[in-house]
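First the structure, in the form of structure tokens, and then the observations on it.
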Amino acid sequence: MFFPRLRNQAKWAFVFLILVFGGGFIFLGVGSGGLDLGQLLQDAFGNKGPSTGSVSKAQEDVREHPRDPAAYRRLAEVLEKKGRLDEAIGALTQYTTLRPRDVARLQHLGELELGQADRYVREAQLASLAQQEASAGSTFGAPATGKFGQSLGQDPIASAVSTKFNAQFQEASTKYQTAATQAVGTYQKIVKLRPDDQAAVFSLAQAADTLNQAAVAVSAYKRLLKFDLDAGTKAQIQERIRTLNQSLPPGG
């Protein structure tokens, strides 16, 4: 089994990625036997208990103390417990700007950003499927190539619905790209703070790989090869690097 020590050190990154992307870790053995997913979920997210605290009070504290990191952290915690995750990400980002060396909070910010990216992926997928169904519905009319079909023109209802879902798809895709870039950026900050931490480098590589940031993933995997890894693990990482390099533009 590969990376048993890394799995224990980097549960905060693995849990979300395993849930969302399933077998994405198989090539490094992370998805092999012995992985207690239920325990990982409990360790990484825990039971935060019922929602407590007032959002308005936390927001007031931030307005009164705009340079107080603790105020932003409290606001982020309250917003997260209320399920207002996008706002929680904003507050936690402000906190990490004021406390840029707080690795634990950066790790949690990365988790939230990965969750946000996944949500936008699912929104884009649903919009794409809905658009396809709307377009398929118009095929039951007269063929557009026939004289009768040409005289009728395109179904205006189907066209309007398809346009609506296309706009939703484009919006979700743009939001995904932004969230993915922010998530990878957060993991890069962690590696910069802990350059000799295998778990941090591995988590950056996997996050970037999963979020289609191939150039960043390749760089992180190459960095990972400098650690004391067994031959089998190194071979699998090198194979993954070769695969990712094929997706990069020449000179990328």
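The values are calculated or read from the model by the stated rules, or taken from the named source; none is laboratory data. This structure is a prediction, so every number in the text was calculated from the model and none was measured. Using ideal geometry, Cβ is built from the backbone for each residue, glycine included, and neighbour counts are taken over all protein chains shown. To get the accessible areas, we keep the full protein, side chains included, count just its heavy atoms, and leave off ligands, DNA and RNA. Shrake-Rupley method; radii C 1.70, N 1.55, O 1.52, S 1.80 Å.
Quick check on the range 217-239. Is at least one of its residues β-branched (Val, Ile, Thr) and exposed (fewer than 14 other Cβ atoms within 10 Å of the Cβ)? Lay out the reasoning, then the answer.
So in the range 217-239, the residues β-branched (Val, Ile, Thr) come out as 218, 233, 237.
From the residues that got through so far, the ones that are exposed (fewer than 14 other Cβ atoms within 10 Å of the Cβ) too are none.
Among the residues of the range 217-239, not one is β-branched (Val, Ile, Thr) and exposed (fewer than 14 other Cβ atoms within 10 Å of the Cβ), which makes the answer no.
Looking at this structure, is Ala104 modelled with pLDDT of 95 or more, in a helix (DSSP H, G or I) and hydrophobic (A, V, I, L, M, F, W, C)? Yes.
The residues of the range 172-208 that are part of a helix (DSSP H, G or I), free of Cβ contacts under 8 Å to residues at least 40 places away in the same chain and not aliphatic (A, V, I, L, M), listed by number, are Thr174, Gln177, Thr178, Thr181, Gly185, Gln188, Lys192. Scanning the range 201-215 for residues that are under 16 Å from the mean Cα position of the chain (by Cα) and crowded, with 21+ Cβ neighbours inside 10 Å gives Phe202, Ser203, Leu204, Ala205, Gln206, Ala207, Ala208, Asp209, Thr210, Leu211, Gln213.
Consider Gln150 carefully, then state whether it is modelled with pLDDT of 70 or more and surrounded by fewer than 16 Cβ atoms within 10 Å (Cβ to Cβ).
It is false that Gln150 is modelled with pLDDT of 70 or more and surrounded by fewer than 16 Cβ atoms within 10 Å (Cβ to Cβ).
Give the number of residues within the range 224-252 that are under 26 Å from Tyr176 (Cβ atoms) and not in a loop (DSSP other than H, G, I, E, B). Adding up the residues that qualify gives 8. Residues of the range 55-112 that are of a type in the set (A, V, I, L, M), under 17 Å from Lys189 (Cα atoms) and buried (at least 20 other Cβ atoms within 10 Å of the Cβ): Ile89, Leu92, Leu106, Leu109, Leu112. For Arg122, are the conditions met, namely being closer than 22 Å to Thr210 by Cα, surrounded by fewer than 14 Cβ atoms within 10 Å (Cβ to Cβ), of a type in the set (D, E, K, R) and at pLDDT 85 or above? Yes: the conditions hold for Arg122.
Contact annotation: residue pairs with Cβ atoms under 9 Å, 6 or more positions apart or on different chains, pairing a residue in the range 231-252 that is free of Cβ contacts under 8 Å to residues at least 60 places away in the same chain with a partner that is open to solvent by 80 Å² or more (accessible area, probe 1.4 Å) and of a type outside the set (Phe, Trp, Tyr), are Ile241/Lys222; Ser247/Asn212.
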